[in-house]
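Q: I'd like to ask some things about the structure below.
The values are calculated or read from the model by the stated rules, or taken from the named source; none is laboratory data. Being a predicted model, the structure only gives us computed values, none of them experimental. Every residue, glycine among them, receives a Cβ derived from its backbone with ideal geometry; neighbour counts consider all protein chains shown.
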Amino acid sequence: MTSISAAQGASQISPANERLYHQSNLVGDWKGLWSNTHQPIEFKVLNIRGTTAQVEYTHNGHTERGTASVDGATLTYGAIAIGTRDGSTAAIEFAFGGTKTTGVLAKTAAPADQNQLVGTWIGSSATNGASATVQVLSINGRDAQVKFDVNGNSQLGTGTVYKNAVMFGKSQFTSTDGVTGTVTFQSGSKTLAVSVKRLTPPTTSTSVNKLA
């Protein structure tokens, strides 16, 4: 499974598990060191869907991709177990046969090209008559809380972030500069595109200057 195909499914965490275990805290890119060898490790939790999670595990310069099992606040991938309480630091353990080692991981911040996706984006197309409003409310690892309003049809939920794009159902929002972007969506058998711009509310100082 490639990173792209794994990123196409957003997390589906039950409200009960989120309330009890805060499973969304596991989603993200975790980096740290093994305590005994001090070798760097990276563990990415791309998404959680029920009792399984799509993950990437990098160690000794080698990356493995696969499916992990989720039980409460703990995720298990082969001989690896990882758990977090606060979503910022995590404990990782490797246990195989008589070998056991542990480590501490820290969640890395979302890249700048992902953070700049957060905001409200509005636009319309004179070519196809379509209009779109996208609200990216927050980004946590590969998950984004979004609201898509395309041609008057609204959808609210969790989308998947991959580089500078947010995918949600059959719609996708992309921005490379944090100022302008493009929304693509399915309309019948056609794929339509609408250019959008970030909505920037006027600042207090600007309003004061206009009044003056």
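Q: Which condition does PHE168 not pass, out of (1) in contact with a helix residue (DSSP H, G or I) (Cβ under 9 Å, 6 or more places away or on another chain); (2) over 13 Å from VAL196 (Cβ atoms), if it passes all the others?
A: (1)
Q: Any idea which of THR63, THR120 is closer than 30 Å to ARG198 by Cα and assigned to a strand (DSSP E or B)?
A: THR120
Q: With respect to ALA6, is the statement that it is part of a helix (DSSP H, G or I), crowded, with 18+ Cβ neighbours inside 10 Å and at pLDDT below 90 true? Outline the logic, then answer.
A: Details: part of a helix (DSSP H, G or I): yes; crowded, with 18+ Cβ neighbours inside 10 Å: yes; at pLDDT below 90: yes.
Against the criterion (part of a helix (DSSP H, G or I), crowded, with 18+ Cβ neighbours inside 10 Å and at pLDDT below 90), ALA6 qualifies.
Q: Looking at region 24-50, which of the residues that are among the basic types (Lys, Arg) and closer than 15 Å to THR76 by Cα is modelled with the highest pLDDT?
A: That would be LYS44.
Q: Among ARG19, ARG49, which is the only one that is closer than 18 Å to THR160 by Cβ and not β-branched (Val, Ile, Thr)?
A: When all the criteria are applied, what remains is ARG49.
Q: Considering region 51-82 alone, what residues qualify as being free of Cβ contacts under 8 Å to residues at least 24 places away in the same chain and within 18 Å of ALA16 (Cα to Cα)?
A: Those that are free of Cβ contacts under 8 Å to residues at least 24 places away in the same chain and within 18 Å of ALA16 (Cα to Cα): THR51, THR52, SER69, ASP71, THR74.
Q: With ALA53, ALA90, ALA73, ALA95 as the choices, which residue is under 19 Å from the mean Cα position of the chain (by Cα) and surrounded by fewer than 18 Cβ atoms within 10 Å (Cβ to Cβ)?
A: Only one candidate qualifies: ALA73.
Q: When region 83-96 is examined, which residues are found to be in contact (Cβ under 8 Å) with a residue 60 or more places away in the chain and in a loop (DSSP other than H, G, I, E, B)?
A: ARG85, ASP86, GLY87
Q: Would you be able to tell me the number of residues in region 11-32 that are in contact with a strand residue (DSSP E or B) (Cβ under 7 Å, 6 or more places away or on another chain) and surrounded by 14 or more Cβ atoms within 10 Å (Cβ to Cβ)?
A: 12
Q: So in region 145-165, with the set limited to residues that are under 22 Å from GLU56 (Cβ atoms) and out of contact with any Ser or Thr (no Cβ under 7 Å at 6 or more places or on another chain), which one is surrounded by the most Cβ atoms within 10 Å (Cβ to Cβ)?
A: This residue is GLY159.
Q: Then there's this: From (1) surrounded by 14 or more Cβ atoms within 10 Å (Cβ to Cβ); (2) of a type in the set (A, V, I, L, M); (3) farther than 26 Å from LEU20 by Cα; (4) modelled with pLDDT under 90, pick out the condition that doesn't hold for ILE122.
A: For ILE122, the exception is condition (4).
Q: Name the residues in region 167-197 that are at pLDDT 90 or above and crowded, with 20+ Cβ neighbours inside 10 Å, would you?
A: GLN172, PHE173, SER175, GLY181, VAL183, VAL194, VAL196
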